[in-house]
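Okay, so here's the structure we're looking at.
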Amino acid sequence: MSKYGLLINYDYCTGCQSCAVACQQEHGFPAGKCGIKVTEYVYAAVRKPVAIDFLPFPTELCDLCINRHQQGEEPACVKHCQAACMAFGSLAELVEQMEVTPRSVLFSPR
Amino acid sequence: MGYDKGVEVFPTTTWSAGAGCHGGCGQKLYVKDGKLIKVEGDENASFNQGRSCPRVLALTQYVYHPDRLTTPLKRVGKRGEGKFEPISWDEAFDICEDKLKSIRDEFGAESVVFAQGTGRDVGGPISYLCYNYGSPNWVQLGLSGQSCYTPRLGGMKATMGDFAVMDAGQFSAKRYDDPEYEVPKVIIVWGQNPPPTCSDGFFGHWVVDCMKRGSKIISIDPRNTWMSTRAEHHLQIRPGTDGALALGMLNVIINEELYDKEFVDKWTYGFEKLKERVQEYPVDKVSQITWIPEKQIVEAARLYAINSPAAIHWGVPIDMNPEGTSVAQAIAHLWSITGNIDIPGGNVIARPSHGVTTYPYSTEELVGLYGQDLVDKLNKSRIGCDTYPMVKGFRGWAQPDMAIDQIDSGKPYPIKAAWIQTANILGGQAARAKFHYEAMKKLEFVVVIDLFHNPTSMALADIVLPAATFAEKDSFRSWWVPLGVMHKTIQVGECKSDWEINIEMANRLNPNCKYQNVKELINDRLSVAGVTFDELVEQGSQAMPSKGHSSRPYRRHEKGLLRHDGKPGFTTETGRVELYSKAFESWGVDPLPFYREPAQGPVNTPELYAKYPLIMITGARSHMFFHSEHRMIPWLREKDPEPYVEVHPETAEKFGVSDGEWIHLENDMGKVKRKVRVSLRVHPQMIHTLHGWWKPEMKGSEPDLFGVWDYQINQIIPGPQDSGSGFGGGQYKTTLCKLSKIKE
Ligand code: SF4
Ligand code: SF4
Ligand code: SF4
């Protein structure tokens, strides 16, 4: 799986936390354990005096939903992301995609 | 799919208990051996296209929570002592029947109030029980000025004869790919940060979908939010002044002749009078009132007016303005004079899907269900009807501020009992929450139907009945679109659905009840759609109205699809969009929009403002919670663990409070605990805090009541409502307060 990753277009991430709860449900993680953590950034900025961004970060517990992948399904976080701003794929594909989606971040969790 | 043998997947529609929300999305329930093991978004449901919010993804933790109420309970100790004993359903129904009958015999049916919270599926069953019992007093008890959607509905009804919503393509199963659909070029997002929830039947992230497809945003919000930071224009408005802004924008659009002349000529009534009225609101004056720079008001008005299609999506702050109905009217005028009514990507007329009534939203629907005679009869004694003609003429609610005053005073007639269904009044919506608590303790008999104990059930209930989540019940939903059904896939304890409970009670209280069971009722109500409950389940739980049906856009006023007589036009007296409202005229309300200052604030109460210099905004949404729910759900609570107050860094310095510190928010009504979050999200003269806080992990019995008097923000929100129509003006966003240190 090492050549797969998650691409997150954080310009559209609304901080809704569906990714996190979807991950906990999928893996049966109790509260306190999660494959992805969402952090909020509020800072003085350029486009507007204040910027608010959210960034989901795949933790050590992220296994890229290997079970789902084997069943031909998207990772739980990607499927449920309410802003549809997450993508799963091979790193090569995702890098290509990244060229056209500014304010994105590519994670290679495994 | 099936990771495991024996897993069955049931697509269903959501509404209320469980996720808590106003519902509409399609979710797939994974059930194994009668147990819900997982929830996934249904990719065949066009509403959400496979997506899910965190609350519905946490459904398994909600459904099987150890604190779920699972049997009927009878209070055995004193009220508030927290001593309850399980009883059978038969015994519970018997007690309720006896009590409610004897109260009706002695004091009349009007002496029982039937109380609910927000626009949840309980509106159908509770109004059914209320009407069958014969009480006129169906009420959103505690919700000052009915300040949640009803004022907006009233403003729209008075203008257009119908309701309207932003068109995000939700009326077509093909959504954004439907060739008939066009994405709004500009969206005014007025008083909402849509992502955290699906308010009023609108999936919040639809706005995000439109942004990705090119929509520019004008965000009107006193706070910096995810939405405002991505907007073309962010109008950082002073809370409670939206009416002035709407009039100022109308002023620009009319005086600069940016309106749609053809539409105005052909389809509206009273334009000249409106034109005259808006002259009272020149931009410089509006700028002073709203704290928004003149240039921004003008630019935003132009951007909205010259782009077509353009849409307005709005939130509950509109209702909470003084004279919320009038503010809604002014905003409806914006989409009317720019010709954005019922066109793709504009504001489209929204009617219950397929003409099916679940939760009656209008007087017409109530008459359809219960007949003109009963509605007229009940209007005679309904609380508020004598005082407010609009309360009498629009929808079927008792006026909530007057209802609690009457519960307290017993005048003009005594209120003896309350049937409170999935509404945590004391921990949630009640402004003047302590007054509600004191007054409601006087009630002789209180039934609480809920899924968890909460401050309201603990403080007041004599009988507690355990309700079901959407996964545990047969029900139906027609709030705009889609037409959807919930169907029972699991059973938890002895829980019953609100429909089951209320149909059983209704049959006991009215021997001439129309329905014996839930399926009968649903199938009868679905008959206008030409479909049965089982057929909808079979089809995957949802259906869209077909083209040419009066509940499906577009341009229905041109096609004669709106009016009963089949003529082109709107369902108003004049057949036109009434910029000068005949309905308001008949209700003694100003037929034209106007602005009035909030009850408290720098302008109206300068002395109070000197003492309490912060405008407190409450009532925004967390992604994690629905109002006062979900605090006990581990996956959700860990992501929003404490009741925070957002304080601007300068304000924090001024009051000497620091990030993470527990403080009090205080005014003459009392003080409430909050944890400081120093943040640039808020304006220096405002603070923002979430409502609905209580702590299920604290003791439930008196005096603790799960910490409600520590955390319930609405105990420092005054009442009654600040509006002349009876609708609007709950002071949830304009109350003044200060920060004070907690002295140990
Ligand atoms: S890919 Fe799977 S494991 Fe990784 S964060 Fe997403 S849901 Fe969790
Ligand atoms: S689900 Fe999507 S939008 Fe929501 S927090 Fe995660 S990445 Fe962001
Ligand atoms: S809030 Fe929205 S996504 Fe969540 S259950 Fe309700 S309708 Fe569905």
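Taken together, the values in this text are just the output of simple stated rules run on the coordinates, not laboratory data. Bear in mind that the values here come from a model prediction, so they are computed numbers and not experimental data. Cβ placement follows ideal geometry from the backbone for every residue including glycine, while neighbour counts extend to all protein chains displayed.
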* By the scheme Lys and Arg +1, Asp and Glu -1, what is the net charge of all other residues having a beta-carbon under 13 Å from that of A:K48? -> +1
* To do: Rank the residues B:K273, B:K639 as a footprinting-exposure proxy: fewest other Cβ atoms within 10 Å of their Cβ go first.
  => B:K273, B:K639
* Kindly provide the helix-only [θ] at 222 nm of chain B, computed as the sum of -39,500 (n - 2.57) over DSSP H runs of four or more divided by all residues, to the nearest 500 deg cm²/dmol? => -8500 deg cm²/dmol
* Let me know the whole percent of all Cα-Cα pairs from chain B that are separated by more than 45 Å. => 17
* Asked: Of the cross-linked pairs B:K639/B:K675; B:K174/B:K212; B:K611/B:K741; B:K101/B:K488; A:K37/B:K639; B:K28/B:K473, which ones have a Cα-Cα span greater than 21 Å in the structure shown?
  -> B:K101/B:K488
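Under the definition of Cα pairs under 8 Å and six or more residues apart, what whole-number percent is the relative contact order of segment B:606-741?
RCO, segment B:606-741: 34 percent.
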* Asked: How high is the relative contact order of segment A:13-86, in percent, with contacts defined as C-alpha pairs under 8 Å that are six or more residues apart?
  -> 34
* Could you work out the mean projected area of the convex hull around the alpha carbons of chain A, in square nanometres to one decimal? => 7.1
* To do: Return B:D408, B:D401, B:D704, B:D565 ranked ascending by Cβ neighbour count within 10 Å, so the fewest neighbours appear first.
  => B:D565, B:D408, B:D704, B:D401
* Asked: Using helices alone, what [θ] at 222 nm do you get for chain A, with -39,500 (n - 2.57) per DSSP H run of 4 or more residues, divided over all residues and rounded to the nearest 500?
  -> -6500 deg cm²/dmol
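Against the globular-protein guess of 2.2 N^0.38 Å, express the Cα radius of gyration of segment B:629-699 as a ratio, rounded to two decimals.
In units of the globular-protein estimate, segment B:629-699 measures up at 1.18.
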* To do: Provide B:L426, B:L129, A:L7 in ascending order of the number of other Cβ atoms located within 10 Å of each residue's Cβ, fewest first.
  => A:L7, B:L129, B:L426
* Relative contact order of segment B:289-391, pairs being alpha-carbon contacts under 8 Å that are 6 or more residues apart, as % -> 18
* How large is the Kirkwood hydrodynamic radius of segment B:1-88, in angstrom, based on all distinct alpha carbon pairs? -> 15.0
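Can you pull out the chymotrypsin sites (Phe, Trp or Tyr not before Pro) in segment B:10-95 that DSSP calls coil and that have at most 15 other Cβ atoms within 10 Å?
Those satisfying the criteria are B:Y64.
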